[in-house]
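Notes for the one structure printed next.
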Amino acid sequence: MRLSLGSALTTITPHSLSDPITVLDGVGIRLAEKLERIGINMIQDVLFHLPHRYIDRTHLTPIGALRHGYSAYIHGEIELTQVRYGKRRSLLCQISDGTGAIVLRFFYFSKAQEKGLQRGLPLRCYGQVRRGPNSLEMIHPEYRVLGKTPDVELEEQLTAVYPSTEGLQQSRLRKLTDQALSTLNNDKQHLIELLPATILAEQKLPTLVSALEYVHRPPPDADIKSLTAGHHPAQQRLAFEELLAQQLSLLMLRDEFRSGRAPAFNISQRLVPTYLQGLPFTLTHAQQLACEAIASDLSRTMPMLRLIQGDVGSGKTVVAAYAALQTIEAGYQVAIMAPTELLAEQHYHNFLSWLEPLGIDVRLLTGKLKKSLRKAATARLQDDAPVVAIGTHALFQEAISFAKLGLIVIDEQHRFGVHQRLALLAKGQHHNTYPHQLIMTATPIPRTLTMTAYADLDHTVIDELPPNRKPVSTCVISNARRDNVIERIEHLCAEGRQVFWVCTLIEESETLQCETAIDTTEKLKDRLTTIEIGLIHGRMKASEKESVMQDFKNGKISLLVATTVIEVGVDVPNASLMIIDNAERLGLSQLHQLRGRIGRSAIKSDCILMYQAPLGDLARQRLAVMRTSSDGFLIAEKDLELRGPGEVLGTQQAGLPDMRVANLLRDAHLLPDVQSTAKFLLKHHPDQVKLLVHRWLGNSLEYSNV
Ligand code: ADP
Ligand code: MG
C-alpha cells in the first residue's frame, strides 16, 4: 500500500483501485472518517457507491410546460419575494420566463437568503413541481441566483446524486468519483471482468467497467426514468453480479457445512416427555410437526440447519425448548441467541420456568451482566457440563467458548444478517464437527426471497395459532378522535386490563422517536391520573428497560408507552389493547409484528391504528389490509404489491443480506438466472467464483467478523 505523497506526486503516480481512499487528492483523515461511515475505505469502494438518483440539468424546461409531479431544471426572472405568515412561516419567491410563472417555497430560510432573491435577477433552479394553493410550486429547490453573469452553461451529463452522510457534500462525492473513474481507466487489473462472455451475451448485460462508467456518468440521452427506478441494464448488470456473489457464497458455505459432521442425539426418553406433561397446554399440530422434524434432524450425524417460520404468537419458543431438551439429555450444551436484551431476558424467564424444575442449568448472558457473574457463567460453558445459555450476540462475540456446544438456536433471525448467522457456526466447530442449528423467524418472506436468503436451509412453517386465541379486531381511527381513545384506555385499565401505546416516526432517527414517546407519556399522564403509566424506548439502559418490562408483565404498570422497540417477541398475555400512533408511517409487516404483541390469550383484543388526517389513497388501502387480514403471509404479499416502485424495503426488516447495489425486491426477477449462473460457475469456473465472492463480500465471510 502506498502512502500519500502530497498532491504534486500523487497526480503523477497512478493509483491502484485497492489503494486507501486517502491517497486521493484532498482526502484527509477527517474526510476519510466520513467516507468510512458510508462504507468507503479504498478507491474501488467509491465506484460501488452508486447514485440513488439523478438530476437532469442538461436542458431547461419552459415554466409554462411544467406539470405536477415532474422534476425540472428551469430558468426565470425573480418577480416577487416575500415572507408569508400563516400556519407555517414561509419564504415565497415567484419567478417567470415569459411562458409562465412558478413559486419557490422555503420553510427554512435565512435573512441573507431572503435578501439575495432580489426582484429582477435571473435565477436557475432544479426541483420537483407540485400543485400549490394558488399556482405550481417547488419546495426547497436547489437554486442559483445568476446575478450579472447569466450565461451559465448547461451540464453535459445527468448529474448523479449519491447517498451521503452528515457533512459530506455531493460536490465532494462527485469529485471523488471522477478520480476513482480515472483510476479505473489506469488500473484495469483490479476490476477484471469475472462473468464469462457467454453469460453476458445470454443475459444481455454490459461489461462491468462500462456499467460502472454509465451509472456514475450517464450520457445526456440516458433514460432518467429507468435509471431512477434502478431498471437500467447498467444497474441490473451490477445487481446481477452482486446477487450472484451472494448466492455463490451461500452455496459454498452450505457445502462446507453439510460436508461436516455433528454429534447425534438420541430421541429424548426422559426430559422431553416430562416437559410436555408439565406445560399448561398441549402443542398444536403444527408445533408437533416442527418438533418431530427437529427430533429426527438432531438424531443424525449431519448437522441440522433448519428454519422455523411461524407467524407472531404461533409458539416458536416452546419448540426451541424441545430442541434444547433433546440436546441436554445427550449431555451437550445449548446456546440461544436473541436480537435484544429484552428478548433474551424474556426467554431466560420462560426457560427457567420450564427447565429448572427438570434440574437443568439455565444461564443468562448479556452485555450488561456484571463481570463476576459473567465470569461464573462463562466458566460454566468451558466445563463440559450440559447447560442452556441464553443471550444476545454478546454471548458469541467475546472470548466465550463452549466446551460441548451441541445446538445453536437463533431467534427472530430477521434481525441478524445471513452471513452473521453462518459465521456463528464457527463457535461450536471442532475440527470438522459442527453444532446443530435452529433458526426461528416470524417474518413472512416471499418464496423467491426465501430461496435466496435462506438457500442453505431446510424449512418448516408453523401455520397454526394456539387454539385459545381470539383474533385481534383492528380499527382505523383519525387522530382527531384521540380523546375517545384515551377514554377507552381508562375503562379498560379500570377492568384490570393492560394497554400498549406505540409511538412511531417516519424519520430514521431513534432520538426523535424517543422524544415523541417521552412527550406522549407526559401528555397521557396529565390525562390519565389514576393509571400507572410506564415508558420504554431504545435509549434507556438495559436494566431500566428490564425493570419497566417486568413491571408491565406483573401488572404494576397498566399502560405502557413504547417506541417500536417492543416490536419483536414481547409476550404479555394480559395486554388486550394496542394503540399505534401514526400507523400510516409504518410498513405493513412491521404493523403486523407490533399487533402480534396482543391477542396472546383468550381475552378479546383490539388494535387501534391511529392516523394523522388527511390519509392518501395508498395509505388508506394499506391500513385497510391491516383491518381485514391477520395473516402474516398475505399481509407481506400485499405490502410488496402496494409499495411504490422506488420504495426500498430495509434489508433489516426482511432478514435479507445487506447489499450495496442490488435490492432483492426490485431485482427479484433476476434470481432464477442468478441461481442457474451460480451453479454453472461453480462447475465450470471455480477460480472466478472465489474472486467474485471476494469482490462483493470481501472479508465479511471470515468467521472472526461476527
Ligand atoms: P412466537 O412464535 O411469536 O415466538 P411465543 O413462543 O412467544 O410465540 O408464544 C406465544 C404465547 O403462546 C406464549 O405465551 C406461549 O406460552 C403460548 N403458547 C405457545 N404454544 C401454545 C399452545 N400450543 N397452546 C396455548 N398457548 C401456547
Ligand atoms: Mg418469539
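Read-outs: derived from the displayed coordinates by stated rules, not from any lab. Since this is a predicted model, take the numbers as computed values, not measurements. Positions of Cβ are generated from backbone atoms using ideal geometry, with glycine treated the same way; all protein chains shown enter the neighbour counts.
Data overview
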quantity	calculated
Cα gyration tensor shape for the stretch 473-629, rounded if a/c is under 1.5, else prolate or oblate	rounded
FRET efficiency estimate (nearest 0.05) - Cβ-Cβ, Arg527 to Ser401, R0 56 angstrom	0.60
Relative contact order for the chain, counting Cα pairs under 8 Å that sit 6 or more residues apart, in percent	12
Table column - 3J(HN,Hα) (Hz), the stretch 261-271, Karplus curve with 6.51, -1.76, 1.60, x for Gly and Pro	10, 10, x, 9, 10, 4, 4, 5, 9, 10, 5
Acute angle (nearest 10 degrees) that the helix 482-494 long axis makes with the longest principal axis of the chain, alpha-carbon atoms	10
Under-5 Å amide H pairs with Arg57, H placed in peptide plane, nonlocal only	Thr159
Mean separation of Cα contacts under 8 Å (6+ apart) over length of the stretch 473-629, as relative contact order %	33
Only Lys, Arg (+1) and Asp, Glu (-1) charged, at Cβ; the stretch 100-212 dipole about Cα centre in debye	660
Reach of Lys523 by Cα under 22 Å, taken over lysines that are not fewer than 8 positions away in the same chain	Lys545, Lys556
Residues His592, His59, His15, sorted so that the one with the fewest Cβ neighbours within 10 Å comes first	His59, His15, His592
Helix 371-382 vs. the chain, principal-axis angle (Cα, 0 to 90°, nearest 10)	70
DSSP bridge orientation in the stretch 60-153 - percent antiparallel, rounded to nearest 5	90
Of Lys316/Lys470; Lys368/Lys470; Lys316/Lys690; Lys375/Lys541; Lys370/Lys604, pairs whose Cα-Cα distance is over 30 Å	Lys368/Lys470; Lys316/Lys690; Lys370/Lys604
Segment Ser547-Gln118, extension gain: residue separation times 0.36 nm, minus the distance between their alpha carbons	148.5 nm
Charge dipole (the stretch 121-250, unit charges on Cβ, about Cα centre) - positive-most of Ser249, Pro206, Ala229	Ala229
Other-chain or far-sequence residues with amide H under 5 Å of Gly313's (modelled H)	none
Cross-link reach list, lysines versus Lys115, counting only Cα pairs under 29 Å and skipping chain neighbours closer than eight places	Lys87, Lys148
The stretch 60-153, dipole about Cα centre (Lys/Arg Cβ +1, Asp/Glu Cβ -1), debye to the nearest 20	540
Charge dipole (debye, nearest 20) of the stretch 473-629; +1 at Cβ of Lys and Arg, -1 at Cβ of Asp and Glu	460
Per-pair calculated FRET efficiency, R0 = 45 Å: Asn484 and Leu682 via Cβ, rounded to 0.05	0.15
Neighbour-count order for Ser226, Ser605, fewest beta carbons within 10 angstrom listed first	Ser226, Ser605
Nearest-0.05 FRET efficiency for Ser171 and His669, computed from C-beta distance (R0 25 Å)	0.10
Label point distance in nm, Asp361-Thr433, each placed 7 Å from Cα along Cα→Cβ	1.9
Estimated distance in nm for a label pair at Glu33 and Arg67, the labels positioned 7 Å out from Cα along Cα-to-Cβ	4.8
Sorted by Cβ density within 10 Å, fewest first, the residues Val548, Val502, Val152	Val152, Val548, Val502
Three-way shape call for the stretch 60-153 based on the alpha-carbon gyration tensor, with the a/c threshold at 1.5	oblate
Selection from Leu91, Pro122, Leu104 lying farthest towards where the dipole of the stretch 60-153 points positive, charges on Cβ	Leu91
Shape of the chain, Cα gyration tensor, a/c cut at 1.5	oblate
Rounded to 10°, Cα long-axis angle of helix 632-642 versus longest principal axis of the chain	0
